[in-house]
Amino acid sequence: MHIIEQLLQDRILFLDGAMGTMIQKHKLNEEQYRGSRFSDYAHPLKGNNDLLSITQPDIISQIHHDFLEAGADIIETNTFNSTTVSMADYYMEDIVDELNKVSAQLARAAADAYTAKNPDKPRFVAGSLGPTNKTTSLSPDVNNPGYRAINFDELVVAYKQQADALAQGGVDIFLIETVFDTLNCKAAIFAILELKDEQNFDIPIMISGTITDASGRTLSGQTVEAFWYSVSHANPLSIGLNCALGADQMRPFIKELSDKAWCRISAHPNAGLPNEFGEYDETPESMSAVVGEFASSGFLNIIGGCCGTTPEHLKAIIDRVQSEKPRIVPEVVSQ
């Protein structure tokens, strides 16, 4: 049994918070995004947060350390957009292997440093695989509903490259997150399972979808129950939800997953919904109270935060939740 699975039997594990939110606090300019290596690059690079693993590694490492110091058991790599598909926006497809490997190594070094400080609380690295900026299920052209900007096989190639580089960098888990299109998620699953077969490694998969509004559906139209059944063949370590909604709006959907899924449940909600300035208003106290109730209700195995969540939010969540018992995974009864 994987050590993470053993820990999950005993307690709720804590995922980190929002990498993007923490990066934004630095208010970096174009020159800082470029660093010396890309100072003459022909295209704008500001906003390419994943690139900072190469150009500003100290900032990324410090963010990891801040979340670990708050008590995170699992930290995510700074690789949400590190596929050839998403990096095409910056004409940087050719450095995708390096981005993933370096990002994984930064997180690995930070996690290992904290494990060494306290071997009784081992820390883990989750390789973040984002949804990309394209969808295999929907047309981006309202006048041509049959058109697709990318197909399944192309996405599999991109995800396989990313997962391979993350594995080489030393991740403990693959986290397929912010899934708005289940077919994109299936491409990531397919890529990882193929890679596992070829390289004979055992890195568990976490899957986290995102609900786009109060209807409780993903962008590609599935309910959370349908989403779960669509990806359950991956035999994931956990299924969960992140982003899009604040914790209170997420509750009914986390409950539904908890009722239906025969694996562990994760949640990393936003710190509320963005206000008119694009900022998140939920305080550490209010957010921890809501997710604390999730835990008291027996819904959770893994909890963290998405957009707007800082180490202060995570610390408050840990203080509230750490004494709660983890959700008991139901036995699967074969028919």
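Annotations
- DSSP beta bridge pairing in the chain, given as percent antiparallel to the nearest 5: 5
- Length-normalised contact order of the range 252-335 in % [C-alpha pairs under 8 Å, at least 6 apart]: 37
- Antiparallel DSSP beta bridges within the range 162-251, as percent of all bridges there, nearest 5: 10
- Extension gain for the segment I3 to E30, taken as residue separation times 0.36 nm less the Cα-Cα distance, is 5.5 nm to one decimal.
- Per-residue extension of 0.36 nm, minus the Cα-Cα distance of V332 and Y41, leaves a gain of 99.4 nm for this segment.
- Inter-part distance, the range 64-123 to the range 263-304, computed on C-alpha centroids, equals 22 Å.
- Extended-chain gain in nm, criterion 0.36 nm per residue less alpha-carbon gap, W262 and F277: 1.4 nm
- If you look at the Cα atoms of the range 1-94, you get an Rg and a Dmax of 16.1, 52 Å.
- Residues in the range 7-27 that a label on Q322 would reach, taking backbone N under 20 Å of a point 7 Å out along Cα→Cβ: 7-18
- 12 Å beta-carbon shell around L99, net charge (K/R +1, D/E -1): -4
- Using a cut-off of 24 Å between Cα atoms, the listed pairs K134/K315; K196/K315; K101/K160 include K134/K315; K196/K315 as exceeding that distance.
- Within the chain, the percentage of alpha carbon pairs spaced more than 33 angstrom apart rounds to 21%.
- Those aspartates and glutamates that a straight Cα-Cα span of less than 16 Å connects to K117, excepting residues fewer than 8 apart in one chain: D66, E69, D73
- In a reduced charge model with +1 at each Lys and Arg Cβ and -1 at each Asp and Glu Cβ, the range 41-111 shows a dipole moment near 60 debye about its Cα centre.
- Share, in percent, of DSSP beta bridges within the range 201-326 that are antiparallel, nearest 5: 15
The numbers here are math on the coordinates, done by the rules we state, and not lab data. Owing to the predicted nature of the structure, the values given are computational and were not obtained by experimental measurement. When we count neighbours, we look across all protein chains shown, and the Cβ atoms used for this are built from the backbone with ideal geometry, even at glycine.
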